Amino acid sequence: MAARKPALPPQLAETLMKTALLFDLDGTLIDSDTLHAQVFSDLFKPRGVTIDFDFYRTKLHGRLNVDIFGDLCPGEDAKWWSDYKEAEYRKLLGAGHPNMPGALALLDLADEMGWAKAVVTNAPRDNGEAVLEALGIAERFDTLVIGDECARGKPHPEPYLEGLRQLGADADTSLAFEDSETGVRSAVAAGLKTIGIRSMLSDQDLRAAGAAATIEDYADPALSQHIDQLKGQPA
């Protein structure tokens, strides 16, 4: 009969943090930027303001709604506008939305390896839950961290620090996935090696924000080397 392994001292056990994968939501787990851009366009067209996709990409993408509407609707209730905009987005979302290529296989690998998984987003909670349900992956994650529910949203590191805290994970042995400059800066400031998803921004733009590497999607062969570096780490 094999000898039983001695229990680790509590102070040592506490230092063995988990490996984790932390994902942004829009543009990272779901290709939804055209939907968001359409909602903004529809909202501001009656005001004589034209918001095309390029304006969305360069001026709105990755920002908190309250900041966006504070700029676009000065003196008005930015929270009301934010809630209304996201309700309109959820109407467009629908059910059975396709996952980003390779995402399900990566989640399967994380389960096999025992890695923790989180979604960390500036989107409101209703959106986060609706998107994960539409993708059919709501039960695949250990936690959903919302920027508005933290002391500060992205690009501040607090949302990713909160994700790591909730997972009991170590930034040094974890990966973050982001598609925006604000998101990359948030994850990098939290100490995470961050992989940029080129859904909206170029390799150059994402690396300039701090991404260690970029990929087209999770089926990109370039991701393999970064995942391989996680294998063998304490999970």
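If only one of LEU144, LEU104 is in a helix (DSSP H, G or I), among the hydrophobic types (A, V, I, L, M, F, W, C) and either within 14 Å of the chain's Cα centre (by Cα) or more than 25 Å from SER82 (Cβ to Cβ) (or both), which one is it? Before the answer, list the steps.
Numbers: LEU144 fails: in a helix (DSSP H, G or I).
Selected residue: LEU104, the only one of LEU144, LEU104 that is in a helix (DSSP H, G or I), among the hydrophobic types (A, V, I, L, M, F, W, C) and either within 14 Å of the chain's Cα centre (by Cα) or more than 25 Å from SER82 (Cβ to Cβ) (or both).
Only one of these conditions is not met by ALA176: (1) among the small types (Gly, Ala, Ser); (2) at pLDDT 95 or above; (3) part of a helix (DSSP H, G or I). Which number is it?
Single failed check for ALA176: (3).
Count, please, the residues in region 43-79 that happen to be assigned to a loop (DSSP other than H, G, I, E, B) and closer than 19 Å to SER32 by Cα. Talk me through it step by step, then tell me what you get.
First pass over region 43-79, keeping only residues assigned to a loop (DSSP other than H, G, I, E, B): 48-52, 61-64, 73-77.
Then drop every residue that is not closer than 19 Å to SER32 by Cα, which leaves 51-52, 61-64.
So the answer is 6.
Scan (1) open to solvent by 10 Å² or more (accessible area, probe 1.4 Å); (2) farther than 19 Å from ASN99 by Cα; (3) touching an Asp or Glu at 6+ places or on another chain (Cβ under 8 Å) for the single condition LEU144 breaks and write down its number.
Just one mismatch for LEU144, condition (2).
Quick check on my filter: what residues within region 76-105 are acidic (Asp, Glu) and at pLDDT 90 or above? Break it down into steps so the answer makes sense when it comes.
Taking region 76-105 first, the residues acidic (Asp, Glu) are 76-77, 83, 86, 88.
Scanning region 76-105 gives GLU76, ASP77, ASP83, GLU88.
Within region 121-141, how many residues turn out to be outside any helix (DSSP H, G or I) and open to solvent by less than 30 Å² (accessible area, probe 1.4 Å)? Spell out the reasoning first.
Going residue by residue through region 121-141, those that are outside any helix (DSSP H, G or I) are 121-124, 136-137, 141.
Next cut, open to solvent by less than 30 Å² (accessible area, probe 1.4 Å) only: 121-123, 137, 141.
Within region 121-141, residues that are outside any helix (DSSP H, G or I) and open to solvent by less than 30 Å² (accessible area, probe 1.4 Å) number 5.
Condition check: of a type in the set (A, V, I, L, M), outside any helix (DSSP H, G or I) and in contact with an Asp or Glu (Cβ under 7 Å, 6 or more places away or on another chain). Does ALA95 satisfy that? Steps first, please.
Numbers: of a type in the set (A, V, I, L, M): yes; outside any helix (DSSP H, G or I): yes; in contact with an Asp or Glu (Cβ under 7 Å, 6 or more places away or on another chain): no.
For ALA95, the condition - of a type in the set (A, V, I, L, M), outside any helix (DSSP H, G or I) and in contact with an Asp or Glu (Cβ under 7 Å, 6 or more places away or on another chain) - is not met.
Could you grab me the full set of residues in region 79-118 that are open to solvent by 40 Å² or more (accessible area, probe 1.4 Å) and of a type in the set (Ser, Thr, Tyr)?
TYR84 - this is the single residue of region 79-118 that is open to solvent by 40 Å² or more (accessible area, probe 1.4 Å) and of a type in the set (Ser, Thr, Tyr).
Pairs please, first residue from region 38-55 and closer than 16 Å to GLU76 by Cβ and touching a residue at least 12 places away in the same chain (Cβ under 8 Å), second anywhere and open to solvent by 20 Å² or more (accessible area, probe 1.4 Å) and part of a loop (DSSP other than H, G, I, E, B), Cβ atoms under 7 Å, 6+ apart in sequence or on different chains.
Sorted first by the residue in region 38-55, then by its partner, the list stays empty.
Within the bounds of region 157-178, is there any residue that is of a type in the set (Val, Ile, Thr) and free of Cβ contacts under 8 Å to residues at least 40 places away in the same chain? Before you say what the answer is, go through the steps one by one.
Here is the first cut: in region 157-178, the ones of a type in the set (Val, Ile, Thr) are 173.
From what is left, the residues that are free of Cβ contacts under 8 Å to residues at least 40 places away in the same chain are none.
Checking region 157-178: not a single residue is of a type in the set (Val, Ile, Thr) and free of Cβ contacts under 8 Å to residues at least 40 places away in the same chain.
Name the pairs whose Cβ atoms lie under 8 Å apart, with the first residue in region 197-209 and part of a helix (DSSP H, G or I), the second open to solvent by 60 Å² or more (accessible area, probe 1.4 Å), and 6 or more positions between them or separate chains?
ASP205/GLU181; LEU206/GLU181; LEU206/ARG198; ALA208/GLU181; ALA209/GLU181; ALA209/ARG185
Per-residue answers, yes or no, for (1) polar (S, T, N, Q); (2) out of contact with any Ser or Thr (no Cβ under 6 Å at 6 or more places or on another chain); (3) more than 15 Å from ILE30 (Cα to Cα); (4) without any contact (Cβ under 8 Å) to a residue 24 or more places away in the chain:
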position: ASN122; (1), (2), (3), (4): yes, yes, no, no
position: ALA130; (1), (2), (3), (4): no, yes, no, no
position: LEU135; (1), (2), (3), (4): no, yes, no, no
position: GLU149; (1), (2), (3), (4): no, yes, yes, no
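The values are calculated or read from the model by the stated rules, or taken from the named source; none is laboratory data. This is a predicted model, so every value here is computed, not measured. Ideal geometry is used to build each Cβ from the backbone, glycine not excepted, and the neighbour counts take in all protein chains shown. For accessibility, only protein heavy atoms count, side chains too; no ligands or nucleic acids. Shrake-Rupley method; radii C 1.70, N 1.55, O 1.52, S 1.80 Å.
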